[in-house]
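Structure, as structure tokens:
Coordinate-derived values only; no laboratory data. Keep in mind it's a predicted model, so treat the numbers as computed, not measured. FYI the Cβ positions are ideal-geometry reconstructions off the backbone, even for glycines, and counts take in every protein chain you see.
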Amino acid sequence: MSKEAVTDSILILDNVSVTFGALKANDGVNLAVKAGSRRAIIGPNGAGKTTLFNAIAGVIMPSSGTVRFDGTDMTRLPTHRRAALGIARTFQITNLFPQLTVEENVRLAVRGLSGRKFSLFGQGAANAEEAQLVDEAIANAHLTHRRQELTRTLSYGEQRQMEMALALVQKPKLLLLDEPAAGLSPAERVRMADVINGLPRNITLILIEHDMDLALGLVDYVSCLHHGKILTEDTPDNIRTNERVQEVYLGKPHHA
Ligand SMILES: Nc1ncnc2c1ncn2[C@@H]1O[C@H](COP(=O)(O)OP(=O)(O)O)[C@@H](O)[C@H]1O
Ligand SMILES: [Mg+2]
């Protein structure tokens, strides 16, 4: 990594390895992500993409290497400390209350922020700020037209959009999206891509996506993971024509 890459990066992974028994799911990964940029992590199933997110979010600790975020060495910090520093990932659908409306679910998520955002304000200011957060999150998830509907009446794709709204109320600096379009119909995938594309530009995004066409249209830089290592990093245009990426990624039989 060059000195420039390190100095204007919000997230820096230095030689990160994660082992499960004898398996190196991540093997000496170096990654530098610029603040405000959008990065895709692509690679075949089992490449180690989700493991890398878990190491960034603090769900698992690397066996070696360091993870720095926004100037802090957070290699050993637990998940809630990382969330407080500004790292969010999409929630699971099970966090939604099906019998509440979209708006009520999002408001609950805002209140679940343990008061850290509101404790300094009087009640009126807190209400106004809460209402604004709810409105923005619902709008950014493209669900404004559904906000009074019961959550159980939403389509699967809309429920995935709601997960996005729940992550956005945290006002993250870094948002980790692990296959946000997995299981969606073609029409729902287009809507999810629109949501991702329209997210506030000050949020740094890292997107894991198996569908290369979808991923490459949404980001400005791509890292391809293979057998736990960064195989190559490049712009979407160069990744499209990269022969090594095509070999490992486009389903050609791999002989280890
Ligand atoms: N908690 C775990 N325990 C044991 N092995 C795991 C665990 N999580 C992932 N793995 C293994 O690590 C490798 C990488 O998995 P993963 O990061 O989920 O890949 P990807 O997200 O790229 O499909 C796979 O071989 C997977 O079986
Ligand atoms: Mg995965």
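What the table below lists for this structure:
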{"read-out": "Cα centre as origin, Lys/Arg/Asp/Glu Cβ charges: the chain dipole, Debye", "value": "600"}
{"read-out": "Lysine pairs within the chain, Cα separation less than 15 Å, 8 or more sequence positions apart or different chains", "value": "7"}
{"read-out": "Hydrodynamic radius by Kirkwood, which averages 1/r over all alpha carbon pairs of the chain, in angstrom", "value": "19.1"}
{"read-out": "Length-normalised contact order of the chain in % [C-alpha pairs under 8 Å, at least 6 apart]", "value": "26"}
{"read-out": "Residues GLN246 and ASP70, FRET efficiency given R0 of 35 Å [Cβ-Cβ distance, rounded to 0.05]", "value": "0.50"}
{"read-out": "Stretch gain in nm, segment GLN132-HIS80, where the contour uses 0.36 nm per residue and the Cα spacing is subtracted", "value": "16.3 nm"}
{"read-out": "Karplus (6.51, -1.76, 1.60) ³J(HN,Hα), θ = phi - 60°, over segment 199-212, in Hz, Gly and Pro reported as x", "value": "4, x, 5, 7, 8, 6, 10, 10, 10, 8, 8, 6, 7, 5"}
{"read-out": "Built amide H within the under 5 Å cut-off of ASN26, gap 5+", "value": "VAL18"}
{"read-out": "Backbone HN-Hα couplings from phi across segment 215-224 [Karplus 6.51/-1.76/1.60, Hz, Gly and Pro as x]", "value": "4, 5, x, 10, 10, 9, 8, 10, 10, 9"}
{"read-out": "Where trypsin sites (Lys or Arg not before Pro) in DSSP loops with at most 10 other Cβ within 10 Å are excluded, longest remaining stretch of the chain", "value": "1-115"}
{"read-out": "ASN202-LEU150 pseudo-label distance in nm [points 7 Å out on the Cα-to-Cβ vector]", "value": "3.8"}
{"read-out": "Per-residue HN-Hα couplings for segment 25-38 [Karplus 6.51, -1.76, 1.60; θ = phi - 60°; Hz; x = Gly/Pro]", "value": "6, 10, 10, x, 7, 10, 8, 10, 10, 6, 4, x, 8, 10"}
